[in-house]
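Each remark here refers to the structure printed beneath this line.
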Amino acid sequence: MSPNRKPYRRPQGVTLPPPRVGATGATGPAGPAGPAGPAGPAGPAPAGTGYVTVTGGVLNVPSAAIPQADITGLVAALAAKEATANKNAASGYAGLDASSKLTGSQQVYGTAANTAAQGNDSRLSDARTPTAHAASHKSGGGDAILLSEFGGDVPVASLSNGTYTIVDSTGTGALDNWNPTGLDGNSLITWHGAADAAVTGFAGGAVGLVRAVKHTGTTKVITFANNSGSSTAGNRLQNIATSAVMPLAPTGWAVWQHDGTDWKMTGHDQGEDITPAFNAAHFTTNGTMTWTVEAGDIGSISYCLKGKRLFFQFLIQTTSTAGTATNHLRIANGQFGGFTFAKQLVSGTLLHNDGGFANGFVQVVSGALTTLALAKFAGNWTTGIVNTLAVYWNGSLEVI
């Protein structure tokens, strides 16, 4: 107010209207922070011990361990673990050595109960007799073995007394449904009859069973017919060679195994050679020329059958011819067991014709696989000669 200006004075008794208030102005900036107040009192101590606390902004770590029970799930988890104190201890667990292997002190080795065998244990490589279990390999057993599974011919000598019933027989003549005394299960029949015998089948056929026959005599022959109706179905033989009866001479053997239908031959060896009975009608030609062979002209003639391979040899000398000359002398299969050859064959041989030797050949006659023909390489045989013709041969042929 100006010093020269007089103050306004309201007349007494006069009421003036209230003064007008202006709008609120904008908020000014915040002032500086005031000083910190004093620290409050300490709170109560937490229950238990070993917890981390903060006092006055300072982290306090107690020296006491935190109880396991206060950590959720820890006790159960530790209980499921093997304590290290049990390592290498009784009822504990074995530790590993520096090579990550069990030590001998933890895994006891030896031959007594509750011990283990080491890799160099002699029991792992020593020879020992296996526990007897032949019954399981026999017919009807849990692990039966068919003889045919061994492959090839089976020597009778390999059939042991412990596996086969050995039956001795001297039966002769016709042996249909052959059932020698003592025949039982797998059987080896040793035969030594005083006369020839002819077998057409074995009794007691059952799948897997084996019948083996061994000729233990010194003479005579036993033969085996293929699929003969003289024996009943199920007892009949199915042989390797089927075109004639298969013979056994001394030392010979044969084996059959039943397949549920018949006895199937699995191996055969005739043994010694068989000399056929002489029959002049078995010696002919391919024409009108006659070839006269007498019993005294046979130096030797014999055959031996091994499975389907027939070995045949002859030395026939001092024979005679007559009539119109021809190129073939013939020998019928009655001189070699009656078998039919499986195929044609030509084989060189030595001939003696009318006082001189000549080269020739032996052949199976085409269209007549039951006959052997002897021919010179060129020309016909000389006719009209008496006791001066000779033929020789030694060979083998496959038969049916």
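The values are calculated or read from the model by the stated rules, or taken from the named source; none is laboratory data. Every value quoted in this text rests on a predicted model; they were computed, and no experiment measured them. Please note: Cβ atoms are built from the backbone with ideal geometry, for glycine as well, and neighbour counts cover all protein chains shown. Side chains are part of the model used for accessible areas, which takes the heavy atoms of the whole protein and leaves out ligands, DNA and RNA. Shrake-Rupley method; radii C 1.70, N 1.55, O 1.52, S 1.80 Å.
Mind listing whichever residues of the range 368-378 are over 44 Å from the mean Cα position of the chain (by Cα) and either small (Gly, Ala, Ser) or outside any strand (DSSP E or B) (or both)? Once the filter is applied, which keeps residues that are over 44 Å from the mean Cα position of the chain (by Cα) and either small (Gly, Ala, Ser) or outside any strand (DSSP E or B) (or both), the range 368-378 yields Ala373, Ala375, Phe377, Ala378. Mind listing whichever residues of the range 165-188 are under 29 Å from the mean Cα position of the chain (by Cα) and at pLDDT 95 or above? Once the filter is applied, which keeps residues that are under 29 Å from the mean Cα position of the chain (by Cα) and at pLDDT 95 or above, the range 165-188 yields nothing. With respect to the conditions (1) in contact (Cβ under 8 Å) with a residue 40 or more places away in the chain; (2) closer than 21 Å to Asp273 by Cβ, Thr223 falls short on a single one, namely (1). Of the strands (runs of 3 or more DSSP E) entirely within the range 260-321, those holding at least 2 residues that are over 29 Å from Thr232 (Cα atoms), open to solvent by 60 Å² or more (accessible area, probe 1.4 Å) and of a type in the set (Ser, Thr, Tyr) occupy 290-292.
For the range 295-305, does any single residue satisfy the condition of being farther than 24 Å from Gly252 by Cα, touching a residue at least 24 places away in the same chain (Cβ under 8 Å) and touching a helix residue (DSSP H, G or I) at 6+ places or on another chain (Cβ under 6 Å)? Checking the range 295-305: not a single residue is farther than 24 Å from Gly252 by Cα, touching a residue at least 24 places away in the same chain (Cβ under 8 Å) and touching a helix residue (DSSP H, G or I) at 6+ places or on another chain (Cβ under 6 Å).
Within the range 244-263, the residues that satisfy the criterion of being under 11 Å from Leu305 (Cβ atoms) and either of a type in the set (Gly, Ala, Ser) or touching a residue at least 60 places away in the same chain (Cβ under 8 Å) (or both) are Ala244, Val245, Pro247, Ala249, Gly252, Ala254.
Considering every residue within the range 45-55, establish whether at least one is of a type in the set (Gly, Ala, Ser) and at pLDDT 75 or above. Looking through the range 45-55, none of the residues is of a type in the set (Gly, Ala, Ser) and at pLDDT 75 or above.
Can you tell me which of Gly395, Gly348, Gly360 is at pLDDT below 95, in a strand (DSSP E or B) and within 44 Å of the chain's Cα centre (by Cα)?
After applying the criteria, what remains is Gly395.
Is it the case that Ser105 is modelled with pLDDT under 75 and on the phi > 0 side of the Ramachandran plot? Answer is no for this residue.
Might you let me know whether the range 371-389 holds any residue that is more than 18 Å from Leu315 (Cα to Cα), among the hydroxyl-bearing types (Ser, Thr, Tyr), touching a residue at least 12 places away in the same chain (Cβ under 8 Å) and surrounded by fewer than 14 Cβ atoms within 10 Å (Cβ to Cβ)? Among the residues of the range 371-389, not one is more than 18 Å from Leu315 (Cα to Cα), among the hydroxyl-bearing types (Ser, Thr, Tyr), touching a residue at least 12 places away in the same chain (Cβ under 8 Å) and surrounded by fewer than 14 Cβ atoms within 10 Å (Cβ to Cβ), which makes the answer no.
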